[in-house]
Every structure is written in C-alpha cells, then in structure tokens.
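A short worksheet on the structure shown next.
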Amino acid sequence: MNNSVGFKIKKLREQKEISQEDLAFQLDVSQSYLSKIENGAIEKLDFIFMQKIAEFFKVEPQYFLDGDTIINNNIDTSNNSSVGNIGDTTINNVDEDLFKNVMQNQQQISQLMEIQNKLIEKLLNN
C-alpha cells in the first residue's frame, strides 16, 4: 500500500467523490498543484496546507504521518507506528503530541502574521 501524503489525499478525495478541481478550489490552490501532490511530484507540504486538508476531510493531521492507514466511512483503522501495545498497556509516542503542538504553534504564528500585516497596513495608510 502506498503511504505517501498525496496518495492519502487522493484516496480521501475519491471516497468523498470530489473532483480534483473542486477540492483544489476548496483548498485555495490550483488543480495542477493538487494533481502534483496526489501524484507524488510534490512531497513537501507546509503545515497550514496540511491543516486545511485535515480540516476539510475531518481527519487528524497525524493521519498523514501514520503507517498503513485505511479510512472507511470516517473510521480510521491503522497500523499506527505512533501507538504501540505492551501487554494490556497502550503507549502513545511523543511524536503525536509534538506534531499537535507544532500545528497549534503554526496556527498561532499565522494569526500573529495577519495581525502584523494589518498593523503595517494601518501604519502605511497614515
């Protein structure tokens, strides 16, 4: 099974029966850019874009980092490399918490940048 981010995006899109063009519009990117992502020509994606995709498909951003993952009717069944079983105890890898923190920080940075841009615009207009 292909585990690339682009492959997972394509599978999610196909499950929702959404065209590439419609999804690209919803994500505010070009259809050709989305096609390159789905086909593996573009592999490095920024956090904000990944967050948009995760929110659109109602999946956790971690889904794109997991191992063999299958989504079926919004039920996620994974051979998740970030969760391991030891006897009856389940341990979560720090990577998942770290990723969530990075995503939250990226969102806060984006909000601060918007505020900064508005302040700069006000200063320039005075």
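Brief remarks on what is shown
- Ranking of ILE42, ILE120 by count of other Cβ atoms within 10 Å, fewest first: ILE120, ILE42
- Close amide H contacts of VAL29 (hydrogens built in the peptide plane, cut-off under 5 Å, sequence separation of 5 or more or a different chain): none are found.
- Bridgeable lysines around LYS11 (alpha carbons under 24 Å apart, same-chain partners fewer than 8 residues away excluded): LYS36, LYS44, LYS52, LYS58, LYS100.
Taken together, the values in this text are just the output of simple stated rules run on the coordinates, not laboratory data. Since the structure is predicted, the reported quantities are computational estimates derived from the model, not experimental observations. Here Cβ is always computed from backbone atoms with ideal geometry, including for glycine, and neighbour counts include all displayed protein chains.
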